[in-house]
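Read-outs: derived from the displayed coordinates by stated rules, not from any lab. Given the structure is predicted, the values throughout are model-derived calculations rather than measurements. In this analysis, Cβ positions are derived from the backbone assuming ideal geometry, glycine residues included, and neighbour counts consider all displayed protein chains.
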Amino acid sequence: MTQQYRAYLVGENGVFRSAEAFEASSDSSALAFAKQFTRLGKVEVWQLGRKIAVLESEQSRSPEPSCPTLTRQ
């Protein structure tokens, strides 16, 4: 069963710049899909009214970690 998610690109001022609606079978699948948008900046991942995580921008991460930095909320 898939669920509806949205990935929001967050601007420097904290305002959403754009959004991408998509379906995923789980929160972890949604995070894996949304990770592709971190090349553009910080991304908030939501499932309806529930914030799943904030994915940091690729530019703000050090090159050493192999997995995204997540802040669960």
Collect residues whose amide H, placed 1.01 Å from N in the peptide plane, falls under 5 Å from the amide H of residue 41; neighbours closer than 5 in sequence don't count. 58
Residue-ordered couplings for the range 33-40, obtained by feeding phi - 60° into the Karplus form 6.51 cos²θ - 1.76 cosθ + 1.60 and rounding to whole Hz (Gly and Pro as x), are 5, 5, 4, 4, 7, 5, 5, 9
Once label points are set 7 Å from the Cα along Cα→Cβ at both residue 58 and residue 39, what is their separation, rounded to one decimal in nm? 0.4 nm
